[in-house]
Amino acid sequence: MIAIRDITVAFGGVVALNGVTVDLTDPVVGIIGPNGAGKTTILNVLSGFLTPKGGSINAFGTELLTLKPHLRSRWGLRRSFQKEQVVDELSVEDNVGVVLDSLGLGRAGRERHLASALEFTGLTTVRHERAAGLNAFQRRMTEIARCAAGPVRLLLLDEPGAGLSQNEVEVLRRTISDMHAFNGAMTLLIDHDVDLIQAVCASTMVLDFGSLVTSGPTRDVLNDARVRAVYLGVEEVV
């Protein structure tokens, strides 16, 4: 379980997160809300890019806020970003394998984890190709493979479905759905594609203006009148 308690982040007079408190327990948890709601900010706090004014984040018995970002990576935290992070000059295997280099796995262990992640994401056939020659979907899956490689506890995905075709989103859906069985990780997923959130997230939390609107089973959350008003743009009929 991830227990987030009273997390507040402010940029000058702008409160990006306002005392967010929530328990996350399912293998895949959605994070939704309108633009500027604080979704990426909470991933930045979890991964160590931002330090909150106070509060705590206990993830599977570890207090994440006491760990520096590189130690969170060694602990098992991985993330993707809205802006693509694939390095054109490197091969696919080097883009993925870089996350394994500081884990002390040894050559055989590194190769085992690398090959497994590439197979899981369907990239084995392009393993030795330079990333510059990949199409947009292969680049996205390279990022997913990097997130999935090695011992992983918590995986943070920030709008991985953006710009993908319907068929590509279906492949992404299966990959995210299978992630927990593949490596045991909990996945927190930000995406504006409500269909994707419904398909893969057992539970979902909703943010608006930095505050938690609600959290719970995805079906219940998406049918909540408050969510329909702030996120889906549907007013409650009375």
Please give the number of the condition residue 120 fails out of (1) surrounded by fewer than 22 Cβ atoms within 10 Å (Cβ to Cβ); (2) over 26 Å from residue 204 (Cβ atoms); (3) in contact with a Phe, Trp or Tyr (Cβ under 9 Å, 6 or more places away or on another chain); (4) not basic (Lys, Arg).
-> (2)
When every residue in the stretch 207-220 that is under 19 Å from the mean Cα position of the chain (by Cα) and among the hydrophobic types (A, V, I, L, M, F, W, C) is compared, the one nearest to residue 31 (Cα to Cα) is 207
The number of residues in the stretch 65-111 that are surrounded by fewer than 16 Cβ atoms within 10 Å (Cβ to Cβ), within 18 Å of residue 42 (Cα to Cα) and either in contact (Cβ under 8 Å) with a residue 12 or more places away in the chain or in contact with a strand residue (DSSP E or B) (Cβ under 6 Å, 6 or more places away or on another chain) (or both) is 4
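Among the strands (runs of 3 or more DSSP E) lying completely within the stretch 124-219, list those that include at least 1 residues that are modelled with pLDDT of 95 or more and closer than 26 Å to residue 110 by Cβ. Quick ask: steps written out before the conclusion?
Working: elements: 154-158, 186-190, 203-208, 211-217.
In the stretch 124-219, the matching strands (runs of 3 or more DSSP E) lie at 154-158, 186-190.
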Just give me the residues in the stretch 1-22 being without any contact (Cβ under 8 Å) to a residue 60 or more places away in the chain and not small (Gly, Ala, Ser), in sequence order.
-> 1, 4, 5, 6, 7, 8, 11, 14
Could you tell me whether residue 29 is surrounded by 19 or more Cβ atoms within 10 Å (Cβ to Cβ), part of a strand (DSSP E or B) and either at pLDDT below 95 or over 13 Å from the mean Cα position of the chain (by Cα) (or both)?
-> no
Which condition number does residue 111 fail, the rest of (1) closer than 18 Å to residue 31 by Cβ; (2) assigned to a helix (DSSP H, G or I) being met?
-> (1)
Any residue at all in the stretch 34-53 that is in contact with a Leu (Cβ under 8 Å, 6 or more places away or on another chain), of a type in the set (Lys, Arg) and in contact (Cβ under 8 Å) with a residue 40 or more places away in the chain?
-> yes
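The values are calculated or read from the model by the stated rules, or taken from the named source; none is laboratory data. Computed from a predicted model, the values in this text were never measured in an experiment. Positions of Cβ are generated from backbone atoms using ideal geometry, with glycine treated the same way; all protein chains shown enter the neighbour counts.
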